[in-house]
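Note sheet for the following structure.
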Amino acid sequence: MTSDLKIKSNKINPAFILAGLIIFGIVRLILIFSTRDGHHVDEVWSYGFANSYYQANVYGYDTDDCRINVDEWVKGEVFKDYITVSDDERFAYDSVLYNKRYDLSPVLYALILHTVSSLFPGSFSWYYAFSISLFFFALCVIFVYLICYEFTASSKCGILCVLYYIFSGCGTANFLYLRIYHMFTFFTLLLFYLMTKILKTEKGKCLKYYLLLPVTALLGCMTHFYFLVIAFFITGFFAIALLFKKRIRDFFILCTLMLAAVVLSFVIYPYSLNFLLPYIGIETEASIAAASTGKSSTGYYKYPYSWDLRLANIHFFGGTVGFSIDFNFLNIFEVLGIVLMLLIVLALLAFLFRNEQWMKKIIMALKSRVISIFKTVFGFAKKLHGSMYIALLASVMYLLIIPISARLYGMGYSERYFFAAMTLFLIFFFSVAFILYSQVLLAVKTNAKRIITAVSLIAITALCILSNRYIGSFKFDTMGENELISNLEGEDCYIYARFVRDMIWLSPVVAESDEVYITLAEMTEDQDYKMPELSKECLVLVASDGFISEDQKTEMEDGGGSYAVDSLSRPEQLMTLQDYIGELEKNTGYNYVCIGEYNTNIGVLSLFKPQNSSL
């Protein structure tokens, strides 16, 4: 691999330039991450699964099968323990393996995060997970360069592609989001690179790549289940390429090693099968129960495939090349129908006037032009490396398949599922653009080369900038979380939240609070709910977007219109926030004043404190 970083001239070794870009990219990510003022609930789950000692969720059950840490005063330390490692629980990998039984992804990332957190017992920081992101950022950048170099045999193209990737939407969001997707991306790139080298290397000289291949596949399978999808397509297309080259022995070695790696991943961690079986049509008790409610096999409501594919298309191309063609199947069929009608009309005209001299000239001109275009296109296609087509096909097939299983529509941050394939497509796109640019330069005069170069740089820069429109939310810089944590530090707080998962999100927020009383909307039946009788002066944090607005209340009182209430809502969510606080004031004897409003990952939270209080 290191030989690919060398250059056969007196110019600066691209390895030094690449190292400089990696350092620059890391500094850039740190600066962006330093503005972080919020988080995603799944990021907290990462810490919980990794660090909580034999307790996958902070809202677990007691011996009587009742929820814990709900509707009672609980020390903030309980929530801190969920996301941190204590001195006597360091490097407790057995606990990590136990907790991950309840997660929807394999164990590798949690094991690494637990290792890092064990070095800092009793403390919590988002930088523990971010340090893992930076490590894999460096590895991903290296293999973006190496794959691009394999495609173009140009270190210049490789360096420019890395520069584009560092500033692109997918190359930024992937490493700001503290989850497993940067690891997923790295193992995908490494797998693709190894297979590219196998395809290019002569028979009998692939041993070092074959030794690395099953290890890469195994680690990828232990990172994310969707690695199985993209690895299937990458392996399948490379296997077909080997057959075309009549390398039968390499074909069987490649397929056998990949299959063995997949099987071994399930042998090492068999609980992964519990989450995969519903996706391949094997019913489980959970999937049968979900189907009876109109949900998908994974327990979530599933929108039509065309909706999810449309959203995937926007994320996939928008985050790589800066734009996407917004389509739906109806429009596609309409366009195809119009094109077909035009072709029929043109064919009839050509037949009716086939003996006319002017028609003969038009047909001959069109025939000559079409032949010329086909020769140009096929001539250019022959210049592309065979692995480039595999990168395109594998990434596009992944784009088409994932919306079948993933619930994208209505879910925030769904771009994450596509970061690995997006990176592969980005390398393909940039390599094709560079080869096309090089061919155009060979065909024009010297004076025009500068203009073409300037226009090309402007176009690529514009596309890179546009790709960042789709990743702003991954910065988590506008939620006001730091202020909220500061207000709650050392204080008692009553919290009205909507869903059980909100307790996960709240864990780092209330970790330094004194005592916390959490009430959940989805855990109390409509007729049984009573306002809590708070026996002490405390702050009040309310999920305010769970209530209707004043306009909706007026509309309901006038008997006009309707208000669709979530099936998990309680009668209080047919009240305004002001009404709810009024009822709380009657119950507690305190008058509350709002001191902050925070637009968080779990909705809008409003913070109140008793009037004239020292809190």
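Those helices (runs of 4 or more DSSP H) of the range 258-331 in which 3 or more residues are more than 16 Å from Ile401 (Cβ to Cβ) and either modelled with pLDDT of 80 or more or among the small types (Gly, Ala, Ser) (or both) occupy 285-291, 305-321. Output the qualifying pairs, or none if there are none: Cβ atoms under 6 angstrom, residues six or more apart or on different chains, first residue in the range 134-147 and open to solvent by 20 Å² or more (accessible area, probe 1.4 Å), second residue of a type in the set (Phe, Trp, Tyr) and part of a helix (DSSP H, G or I). Cβ pairs passing all conditions: Leu139/Phe186. Here is the figure for the range 440-463: residues that are assigned to a helix (DSSP H, G or I) and either under 20 Å from Ala312 (Cα atoms) or in contact with a helix residue (DSSP H, G or I) (Cβ under 7 Å, 6 or more places away or on another chain) (or both) total 7. Could you tell me whether the range 426-434 includes any residue that is without any contact (Cβ under 8 Å) to a residue 40 or more places away in the chain, part of a helix (DSSP H, G or I) and buried (at least 17 other Cβ atoms within 10 Å of the Cβ)? Yes, because at least one residue in the range 426-434 is without any contact (Cβ under 8 Å) to a residue 40 or more places away in the chain, part of a helix (DSSP H, G or I) and buried (at least 17 other Cβ atoms within 10 Å of the Cβ).
Of the residues making up the range 228-239, none is assigned to a helix (DSSP H, G or I), hydrophobic (A, V, I, L, M, F, W, C) and farther than 22 Å from Ile401 by Cβ. Scanning the range 240-257 for residues that are in a helix (DSSP H, G or I) and in contact (Cβ under 8 Å) with a residue 12 or more places away in the chain turns up Ala241, Leu242, Arg249, Asp250, Phe251, Ile253, Leu254, Cys255, Leu257.
Scanning the range 44-72 for residues that are touching a helix residue (DSSP H, G or I) at 6+ places or on another chain (Cβ under 8 Å) and farther than 17 Å from Val500 by Cβ gives Ser46, Tyr47, Ala50, Asn51, Tyr53, Tyr54. Considering Leu466, Leu484, the condition of being in a helix (DSSP H, G or I), open to solvent by less than 40 Å² (accessible area, probe 1.4 Å) and either aromatic (Phe, Trp, Tyr) or touching a residue at least 60 places away in the same chain (Cβ under 8 Å) (or both) is satisfied by Leu484 alone. Checking each residue in the range 395-422 for being part of a helix (DSSP H, G or I), farther than 14 Å from Tyr177 by Cβ and of a type outside the set (A, V, I, L, M, F, W, C) picks out Ser395, Tyr398, Pro403, Ser405.
Is it true that Lys197 is on the phi < 0 side of the Ramachandran plot and without any contact (Cβ under 8 Å) to a residue 12 or more places away in the chain? No, not satisfied.
Of all residues in the range 336-393, those being among the basic types (Lys, Arg), more than 30 Å from Val432 (Cβ to Cβ) and outside any helix (DSSP H, G or I) number 1.
Out of Cys161, Cys170, Cys140, report the one residue that is in a helix (DSSP H, G or I) and in contact with a Cys (Cβ under 7 Å, 6 or more places away or on another chain).
Residue meeting the stated conditions: Cys161.
Filtering the range 75-92 for residues that are of a type in the set (A, V, I, L, M, F, W, C), in contact (Cβ under 8 Å) with a residue 60 or more places away in the chain, in a loop (DSSP other than H, G, I, E, B) and open to solvent by less than 80 Å² (accessible area, probe 1.4 Å) leaves an empty set. Residues that are open to solvent by 10 Å² or more (accessible area, probe 1.4 Å) and over 23 Å from Lys246 (Cβ atoms) within the range 188-211 comprise Leu190, Leu211, listed in sequence order.
If you go through the range 232-262 one residue at a time, how many are under 20 Å from Glu202 (Cβ atoms) and touching a Pro at 6+ places or on another chain (Cβ under 6 Å)? Selection size over the range 232-262: 1.
If a residue has to be under 15 Å from Val44 (Cβ atoms), of a type outside the set (Asp, Glu) and either open to solvent by 10 Å² or more (accessible area, probe 1.4 Å) or modelled with pLDDT of 95 or more (or both) to count, how many in the range 101-116 make the cut?
The qualifying residues number 6.
If the condition is being modelled with pLDDT of 90 or more and hydrophobic (A, V, I, L, M, F, W, C), then the range 467-511 contributes Leu484, Ile485, Leu488, Cys493, Ile495, Met503, Ile504, Trp505, Leu506, Val509, Val510, Ala511. If you check Phe378, Phe434 for being of a type outside the set (A, V, I, L, M) and touching a helix residue (DSSP H, G or I) at 6+ places or on another chain (Cβ under 6 Å), only one passes: Phe434.
So is Leu119 modelled with pLDDT of 95 or more and open to solvent by 30 Å² or more (accessible area, probe 1.4 Å) or not? Here the answer is yes, as Leu119 does meet what is asked.
Residue-wise test of (1) open to solvent by 80 Å² or more (accessible area, probe 1.4 Å); (2) at pLDDT below 85.
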position: Tyr517; (1), (2): no, no
position: Ala521; (1), (2): no, yes
position: Gln527; (1), (2): yes, yes
position: Lys536; (1), (2): no, yes
position: Leu539; (1), (2): no, no
position: Val542; (1), (2): no, no
position: Ser549; (1), (2): no, yes
position: Gly559; (1), (2): no, yes
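The values are calculated or read from the model by the stated rules, or taken from the named source; none is laboratory data. Just so it is clear, the structure is predicted and the values come from calculations on it, not from any experiment. Every residue, glycine among them, receives a Cβ derived from its backbone with ideal geometry; neighbour counts consider all protein chains shown. The area values use the complete protein model at the heavy-atom level, side chains included, leaving out ligands, DNA and RNA. Shrake-Rupley method; radii C 1.70, N 1.55, O 1.52, S 1.80 Å.
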